[in-house]
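Structure first, commentary second.
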Amino acid sequence: MGISNRLMTIAEYIPNRAILADIGSDHAYLPIYSVQKGIVEKAIAGEVNEGPYLTAKTNVMDQKLAHLIDVRLGNGLEVLQPNEVNCITIAGMGGILITEILTQGIDKLESVGRLILQPMNSEPKLREWLIQHSYQILEEHIMKEYDIIYEILIAEPVKQKLTLSHQDIQFGPVLRRGKSILFVEKWQDEINKREKVIHNIIKNGSNVANQAKIQKIQQEILEIKEVL
């Protein structure tokens, strides 16, 4: 059964012998891989849609892992009982949706010592949520697969409330200090996108609202260049 590099990378951050909940598990590839490699003791695969839920169930049965992986149909963290798992992975969803899932299931997070989150967008919103809810971003990993750049956030709860600077929220406290080749590529691409937007606004004629938009985007470009 083929598993993507992205999911294998996420698995590297799961604590040894964890009890895992993979939310939005799709085909249950991550729980299956993690159990087979001995990374987790057991796992719950949560899926909100019936099609992927049935596929996940079939995959788990095919691998003869139904005694170790429980596939459940439900929305977000509602598939969990309190104190049932100690690690949660949520991958391949929008950052805002991930924050909604965490907020709605906040009572299920008490026993969870680690969150491993891979948003498809809105990473700053997710970092804001983590900081507001007393999580420390321990690690951030940036990787590329099939021409898509992904960011993986690894967070653990802390007693005291932490703060992050605007730049850390925007670019990532770990990633912006590392300034890897992929990090530079991602943000150079963001500059190019913004420059295209400015070009299109100018083409549509100048007015006060457009000037304000251009100024805002130019400010964003300047901020990105400062970090790079």
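The values are calculated or read from the model by the stated rules, or taken from the named source; none is laboratory data. The model shown is predicted, which means the values in this text are computed figures rather than measured ones. Quick reminder, even Gly has a Cβ in these numbers, built from the backbone with ideal geometry, and neighbours come from all protein chains shown. When the accessible area is computed, the model is the full protein with side chains, heavy atoms only, and any ligands, DNA or RNA have been set aside. Shrake-Rupley method; radii C 1.70, N 1.55, O 1.52, S 1.80 Å.
Quote the charge dipole size of the chain about the Cα centre in Debye, to the nearest 20; the model charges only the Cβ of Lys and Arg (+1) and of Asp and Glu (-1). All intermediate terms of the calculation are to be shown ahead of the outcome.
Working: 25 positive and 29 negative charges, 100 e Å.
With Lys and Arg at +1 and Asp and Glu at -1, about 480 debye.
Each residue of segment 208-215 in order: what ³J(HN,Hα) in whole Hz does its phi give by Karplus 6.51 cos²θ - 1.76 cosθ + 1.60, θ = phi - 60°, with x for Gly and Pro?
For segment 208-215, the Karplus curve yields 4, 4, 5, 4, 5, 4, 4, 4 Hz.
For the residue pair Thr58 and Gln104, what label-to-label distance in nm results when each label sits 7 Å from Cα along the Cα-to-beta-carbon direction?
Label-label distance for Thr58 and Gln104, simple model: 2.6 nm.
Tabulate in residue order the Karplus-calculated ³J(HN,Hα) for segment 106-113, using 6.51 cos²θ - 1.76 cosθ + 1.60 with θ = phi - 60°, rounded to whole Hz; enter x for Gly and Pro.
Once θ is set to phi - 60°, the couplings for segment 106-113 become 4, 5, 8, 8, 4, 8, 8, x Hz.
List the residues, sorted by chain then number, that are 5 or more residues from Val71 or on another chain and whose placed amide H is less than 5 Å from its amide H.
Residues meeting the amide H criterion: Ala45.
Please report, in Å, the Rg and the Dmax of the chain, where both are computed over Cα atoms only.
Calculated on Cα positions, Rg and Dmax stand at 19.7, 65 Å.
For segment 4-80, which whole-number percentage of the solvent-accessible area (1.4 Å probe, protein heavy atoms only) is attributable to carbon and sulfur atoms? Walk me through the numbers on the way to the answer.
Values: 1650 of 3560 Å².
Solvent-exposed carbon and sulfur of segment 4-80 make up 46 percent of the total.
Return the Rg/Rh ratio of segment 124-211 with Cα-based radii and a Kirkwood Rh. Don't skip to the answer; put the middle values down first.
Working: Rg = 16.8 Å, Rh = 15.1 Å.
Ratio of gyration radius to Kirkwood radius: 1.11.
As a test of the formula, what do you get for the chain when each DSSP H run with n ≥ 4 contributes -39,500 (n - 2.57) and the sum is divided by the residue count, at 222 nm and rounded to the nearest 500 deg cm²/dmol?
Working: 9 runs with 102 residues, N = 228.
Calculated from helices alone, the mean residue ellipticity at 222 nm is -13500 deg cm²/dmol.
Sort Glu123, Glu84, Glu110, Glu41 by accessible area with a 1.4 Å probe, largest first. It would help to have the intermediate numbers written out before the result.
Details: Glu123 25, Glu84 55, Glu110 160, Glu41 90 Å².
Greatest to least solvent exposure: Glu110, Glu41, Glu84, Glu123.
What nm value, rounded to one decimal, do you get for the distance between Glu41 and Asn204 when each label is placed 7 Å out toward the C-beta?
Going from the Glu41 label point to the Asn204 one covers 5.7 nm.
Please grab the % of Cα pairs in segment 11-54 that end up more than 15 Å from each other. Numbers along the way, then the final one.
Values: 335 of 946 pairs.
Looking at segment 11-54, the distances longer than 15 Å represent 35 percent of pairs.
What's the local net charge at Asp70, with K and R +1, D and E -1, over the other residues with C-beta under 12 Å away?
0
Quick one: accessible area per residue over the chain, 1.4 Å probe, rounded to a whole number of Å²? If you can, show how the numbers build up before the last one.
On the way: 11870 Å² over 228 residues.
In whole numbers, the chain has 52 Å² accessible per residue.
Roughly how tilted is helix 181-203, in degrees to the nearest 10 and between 0 and 90, from the longest Cα axis of the chain?
The angle comes out at about 50 degrees.
Hey, could you pull the Cα Rg and Dmax for segment 171-212, both in Å?
Answer for segment 171-212, Rg first and Dmax second: 14.8, 41 Å.
Distance in nm between label sites at Val158 and Glu128, each 7 Å beyond Cα in the beta-carbon direction?
Distance between label points: 2.0 nm.
With every protein chain left in place and a probe of 1.4 Å, what is the accessible surface of Tyr53, to the nearest 10 Å²?
Rounded to the nearest 10, that gives 40 Å².
Can you report the principal axis dimensions of segment 11-95 using only the alpha carbons, biggest first, rounded to whole angstrom?
Extents along the principal axes, in whole Å: 30, 30, 23.
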